[in-house]
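Undergrad: Okay, here's the structure, questions in a sec.
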Amino acid sequence: MSSFWGAFHNAKLVFVGEAPGQQEDLQGIPFVGRAGKLLEKLLSDIGLKREDVFICNVVKCRPPNNRDPQPDEISACEPILIKQLEIIKPLVICALGRHAAQTLLRDSTGINRLRGHFYNYHGIPLLPTLHPAAILRAANLLPDIESDFQLLKQKLMETQDG
Ligand code: URA
C-alpha cells in the first residue's frame with residue numbers, strides 16, 4: 001500500500017517545489033491545486049502515480065499573497081528539506097522551478113539554462129525543470145517539461161538497473 005509513510009520511506013524519486021500555495025496551505029499537502037494536477041498528469045505520462053514519489057517544497061509555509069519566498073525564509077526552511085532528502089535517500093531528485101533548483105544547487109543561473117540537464121546533489125542525480133505553475137501561465141513551455149520528464153524516466157530506469 002502506498003501509505004503516506006510508505007511513500008515517504010521508499011520514494012525513489014523526490015520532487016522539490018517552491019512553497020505551499022493557498023490550497024496546499026489549507027490541506028497541508030503539497031501540489032494539490034492546479035499545478036499539482038499538471039504534475040500528476042506529467043507523472044502519469046511516464047507511468048507513475050503521485051503515491052510512487054515524494055513531493056515537498058523548499059519553503060514549508062505559504063508566503064503571503066503567493067509572493068516569492070525570501071532568502072531568509074528559504075534559509076530557515078532548508079535544514080528541513082535537507083533532512084527529508086537525507087532520510088529518503090532517493091535515487092533521483094527533480095527540482096521544480098527556479099527556487100528549488102537554485103537552492104539545492106547553490107547556483108544562481110536562471111531556470112531556463114539549468115533545466116534539462118542532470119547535476120550532482122551529494123551523489124544523487126538532480127534534474128531541474130520548469131515549475132508546473134509556469135506551464136499553466138505559458139502553455140508553449142509544455143514540451144520542455146514533458147521532455148524533462150522523459151529524462152527522469154530514463155534516469156530512473158538506469159539507476160534501478162545499475
Ligand atoms: N507550488 C509549489 O511550489 N508548491 C506547492 O506545493 C504548490 C504549488
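Undergrad: All but one of (1) acidic (Asp, Glu); (2) open to solvent by less than 50 Å² (accessible area, probe 1.4 Å); (3) within 16 Å of residue 12 (Cα to Cα) hold for residue 158; which doesn't?
TA: (2)
Undergrad: Hey, can you tell me all the residues within the range 99-111 that are closer than 21 Å to residue 54 by Cβ and crowded, with 19+ Cβ neighbours inside 10 Å? Explain how you work it out, then say what you get.
TA: Quick first cut of the range 99-111, residues closer than 21 Å to residue 54 by Cβ only: 99-105.
Correct list: 99, 100, 101, 102, 103, 104.
Undergrad: Return a yes/no flag: does the range 140-148 have any residue that is under 18 Å from residue 34 (Cα atoms), open to solvent by less than 50 Å² (accessible area, probe 1.4 Å) and touching a strand residue (DSSP E or B) at 6+ places or on another chain (Cβ under 7 Å).
TA: Yes, there is a match, as at least one residue in the range 140-148 is under 18 Å from residue 34 (Cα atoms), open to solvent by less than 50 Å² (accessible area, probe 1.4 Å) and touching a strand residue (DSSP E or B) at 6+ places or on another chain (Cβ under 7 Å).
Undergrad: Inside the range 1-113, counting only helices (runs of 4 or more DSSP H) that do not spill past its ends, which hold 3 or more residues that are in contact (Cβ under 8 Å) with a residue 40 or more places away in the chain, under 24 Å from residue 144 (Cβ atoms) and within 16 Å of the ligand (Cβ to nearest atom)? Spell out the reasoning first.
TA: Values: elements: 4-10, 22-27, 34-45, 71-88, 98-105.
Qualifying helices (runs of 4 or more DSSP H): 34-45, 98-105.
Undergrad: Additional query: Going through the range 16-68 one residue at a time, which ones are aromatic (Phe, Trp, Tyr) and within 18 Å of residue 90 (Cα to Cα)?
TA: The first filter runs over the range 16-68 and keeps only residues aromatic (Phe, Trp, Tyr), leaving 31, 54.
Of everything in the range 16-68, just one residue is aromatic (Phe, Trp, Tyr) and within 18 Å of residue 90 (Cα to Cα), namely 54.
Undergrad: Shifting gears a bit: Which condition breaks for residue 156 when tested against (1) touching a Pro at 6+ places or on another chain (Cβ under 8 Å); (2) touching a residue at least 40 places away in the same chain (Cβ under 8 Å)?
TA: Checking residue 156 against (1) touching a Pro at 6+ places or on another chain (Cβ under 8 Å); (2) touching a residue at least 40 places away in the same chain (Cβ under 8 Å), the one that fails is (1).
Undergrad: State whether one or more residues within the range 85-97 are buried (at least 21 other Cβ atoms within 10 Å of the Cβ) and charged (D, E, K, R).
TA: First, pick out the residues of the range 85-97 that are buried (at least 21 other Cβ atoms within 10 Å of the Cβ): 90, 92-97.
If we keep only those that are charged (D, E, K, R) as well, we get none.
Within the range 85-97, none of the residues are buried (at least 21 other Cβ atoms within 10 Å of the Cβ) and charged (D, E, K, R).
Undergrad: Being closer than 15 Å to residue 99 by Cα and open to solvent by 30 Å² or more (accessible area, probe 1.4 Å) is the filter here, so list the residues in the range 12-35 that pass it. Even if it seems obvious, please write down each step before you answer.
TA: Restricting attention to the range 12-35, the residues satisfying the condition of being closer than 15 Å to residue 99 by Cα are 15-21.
Within the range 12-35, just 18 meets the criteria.
The values are calculated or read from the model by the stated rules, or taken from the named source; none is laboratory data. Note that the structure is a prediction, hence the values are computed from the model and not measured. Don't worry about glycine lacking a Cβ; one is built from the backbone with ideal geometry, like all the others, and counts go over all protein chains shown. Surface areas here come from the heavy atoms of the whole protein model, side chains and all, with no ligands, DNA or RNA. Shrake-Rupley method; radii C 1.70, N 1.55, O 1.52, S 1.80 Å.
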